[in-house]
Amino acid sequence: MSLRGFIFCCLLAISTAQDETNNKLFPEGFMFGAATSSYQIEGAWDEDGKGENIWDRYTHSHPELVVNNDTGDVACDSYHKYKEDVAMLKELGVDFYRFSLSWSRILPTGFVNKVNLPGVTYYKNLIKELKDNGIEPLITMYHWDLPQPLQDIGGWPSEFIIEAFAEYARLCFELFGDDVKYWLTFNEPKQTCLGGYGQGYSAPGITLSGLADYVCTHHLIKAHARAWHIYDQEFRATQQGLVSITIDTMWHEPASDSEEDVVAAETALQFEFGWYANPIYNSDYPEIMKTRIAERSLAEGFNKSRLPSFTDEEIAYISGTFDFMAVNMYTSMLTAATDEVPVGEPSYTYDIGVNSYQPDEWESSSILYFKITPWGIRKLLNWLKETYNDPAIIITENGTPDDGSLDDVKRVRVYRDYLSNVRSAIEDGVNVFGYTAWSLMDNFEWLQGYAGKFGLYHVDFDSINRTRTPKTSAAYYKKVTKTRCLVDTCEE
Ligand code: PNW
């Protein structure tokens, strides 16, 4: 190793070591919450008129793809046990609950031609129960569970989806908007498009990387912008709420201080986060994406870029369609420059063209890739402030998976360390106004099934009662929401 490399590694080791826990109080008004999503907790997959969605289809037709052949058919049974869920939230002392609406529970065909009243009643009851207990609902309209009939027409890569989503969004505002102050159109659109239509690791499992993922994203961003404008024009004056989109990213730390690696890390952040964020928070796709994808597309024999382009009018329509910034963050990567992959098949990964990895030394969790990097969230928050003109930011997911024991002392430490870095980012001047623990309770962790445990509450999936039990982390989070302090005693 060169001397320069050695010094860099030492500096990285220092900057990534866990410092003392921040002992400042979180600011008055800082919001603490907990999150779930419809498919992961509700169950009742075909009850009371709910339509089939792509995760119902995926788990039923490809049981082998999920650990233990698990499905969300019953999940945490929250369709029947929402009052218990709210009691848990109340016990935790959270300010808000982030949950998602099942599109096919409200609109079984996906279209507004048929509204399923029991589904609407379920969400009305849940919202009422939350408000009666002093908990704000923060609603995600789409957390990956597309109505199957809409997938049968082509799903997100088909243009009709923009209007279908816009109509669904308008209906949600109409039905629930009087009682909801915080809306998110989409959860982690990169997982929808890259996972669903590019790399195929998520429903509906289509593998057309570097093509369908880009088209999916193009429509999804337009659908988001339509929903924001609908709210702005038709509902904002009377309902006075806020609308945004949750985008997820890992933090990309340059693998060395060389110019090439610094550029590589920034490139990865732009492909991961900027892909969605730049059109909305700045304008148009990131320059680096437009340049790299156009170059590779032409070399591959396409007549134009595989990345679709927005018209000037569309760029203006999409830019600024947010009332706050929402971000999910779990982990980090070291990212280095690498030789250009020779032109061949289209690929999102080759379009990025960097080498991202997680060193063995980084602390692991029970799921590969969810390495524990609390320092990354502080760096990410500072990068967001710089890159997107100092937005008001809420972290809509953060947490860690383990084996599910009730005395989850490691999860306590992980929450404390990430929150400590969030508090330090506030001291750095980043405008962070809220934090959301993923998850309220153990639930259907997608391809990991019920083996992936993120909950503050344990759920007994062997019991028909789906009995919930608080873990040690629930007690810690309760202390934090009550005192706004991560340690025993805090300074103002
Ligand atoms: C999120 N990553 O997905 C989802 O929004 C949740 O539904 C899910 O349960 C939770 O994280 C835990 O997995 C992510 O690799 C999946 O960085 C992967 C990553 C991040 C978020």
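The values are calculated or read from the model by the stated rules, or taken from the named source; none is laboratory data. In this text the structure is predicted, and so the values were computed from the model without any measurement. Note: ideal-geometry Cβ built from the backbone for every residue, glycine included; neighbour counts use all protein chains shown. Surface accessibility is based on the protein's heavy atoms, side chains included, excluding ligands, DNA and RNA. Shrake-Rupley method; radii C 1.70, N 1.55, O 1.52, S 1.80 Å.
Is there any pair with a first residue in the range 187-198 that is over 13 Å from Ile54 (Cβ atoms) and open to solvent by less than 10 Å² (accessible area, probe 1.4 Å) and a second that is within 13 Å of the ligand (Cβ to nearest atom) and not β-branched (Val, Ile, Thr) whose Cβ atoms are under 7 Å apart and which are 6 or more apart or on different chains, and what are they?
Asn187/Ser37; Asn187/Ser100; Asn187/Tyr142; Asn187/His143; Asn187/Trp144
May I ask you to list the residues in the range 384-418 that are within 20 Å of the chain's Cα centre (by Cα) and over 24 Å from Val432 (Cβ atoms)?
Asp402
Restricting the range 388-446 to residues that are acidic (Asp, Glu) and assigned to a helix (DSSP H, G or I), which is nearest to the ligand (Cβ to nearest atom)?
Asp417
Take Ala237 and tell me if it is under 21 Å from Ile315 (Cα atoms), without any contact (Cβ under 8 Å) to a residue 60 or more places away in the chain and not polar (S, T, N, Q).
no
For residues that are under 22 Å from Tyr357 (Cβ atoms) and in contact with a strand residue (DSSP E or B) (Cβ under 7 Å, 6 or more places away or on another chain), scanning just the range 269-292, find the one that is surrounded by the fewest Cβ atoms within 10 Å (Cβ to Cβ).
If we take residues in the range 269-292 being under 22 Å from Tyr357 (Cβ atoms) and in contact with a strand residue (DSSP E or B) (Cβ under 7 Å, 6 or more places away or on another chain), then Leu269 is surrounded by the fewest Cβ atoms within 10 Å (Cβ to Cβ).
Please specify each residue of the range 214-253 satisfying the condition of being open to solvent by 40 Å² or more (accessible area, probe 1.4 Å) and part of a helix (DSSP H, G or I).
Scanning the range 214-253 gives Val215, Arg226, Asp232, Gln233, Glu234, Arg236, Ala237, Thr238.
Where the second residue is buried (at least 16 other Cβ atoms within 10 Å of the Cβ) and of a type outside the set (D, E, K, R) and the first is without any contact (Cβ under 8 Å) to a residue 60 or more places away in the chain and lies in the range 470-482, which pairs have Cβ atoms under 6 Å and are six or more apart or on separate chains?
Close Cβ pairs satisfying both conditions: none exist.
Run down Leu92, Leu107, Leu101 and say which single residue is open to solvent by less than 30 Å² (accessible area, probe 1.4 Å) and within 30 Å of Gly429 (Cα to Cα).
Of the residues listed, the single one that is open to solvent by less than 30 Å² (accessible area, probe 1.4 Å) and within 30 Å of Gly429 (Cα to Cα) is Leu92.
Could you please tell me which pairs satisfy a Cβ distance under 6 Å, a separation of 6+ or placement on different chains, a first residue in the range 368-392 that is more than 26 Å from Ser283 (Cβ to Cβ), and a second residue that is at pLDDT below 95?
Listed pairs, sorted by first residue: Trp375/Thr16.
When you go through Ala164, Ala87, Ala75 one by one, which is the residue that is assigned to a loop (DSSP other than H, G, I, E, B) and either more than 22 Å from the chain's Cα centre (by Cα) or among the hydrophobic types (A, V, I, L, M, F, W, C) (or both)?
None of the other options fit; the residue is Ala75.
State whether the residues of the range 241-250 include one that is under 14 Å from Phe322 (Cα atoms), away from the ligand (no atom under 16 Å from the Cβ) and not small (Gly, Ala, Ser).
yes
Given the conditions (1) open to solvent by less than 10 Å² (accessible area, probe 1.4 Å); (2) under 25 Å from Glu445 (Cβ atoms); (3) out of contact with any Phe, Trp or Tyr (no Cβ under 6 Å at 6 or more places or on another chain); (4) of a type in the set (A, V, I, L, M, F, W, C), which single one is not true for Trp55?
All conditions are met except number (3).
Restricting to the range 353-386, name every residue that is of a type in the set (Val, Ile, Thr) and crowded, with 21+ Cβ neighbours inside 10 Å.
Val354, Thr373, Ile377
What's the total number of residues in the range 387-411 that are surrounded by fewer than 18 Cβ atoms within 10 Å (Cβ to Cβ) and not polar (S, T, N, Q)?
Going through the range 387-411 one residue at a time, the tally reaches 6.
Could we say that Tyr39 is part of a helix (DSSP H, G or I), under 22 Å from the mean Cα position of the chain (by Cα) and either of a type in the set (Val, Ile, Thr) or surrounded by 16 or more Cβ atoms within 10 Å (Cβ to Cβ) (or both) here?
Answer is yes for this residue.
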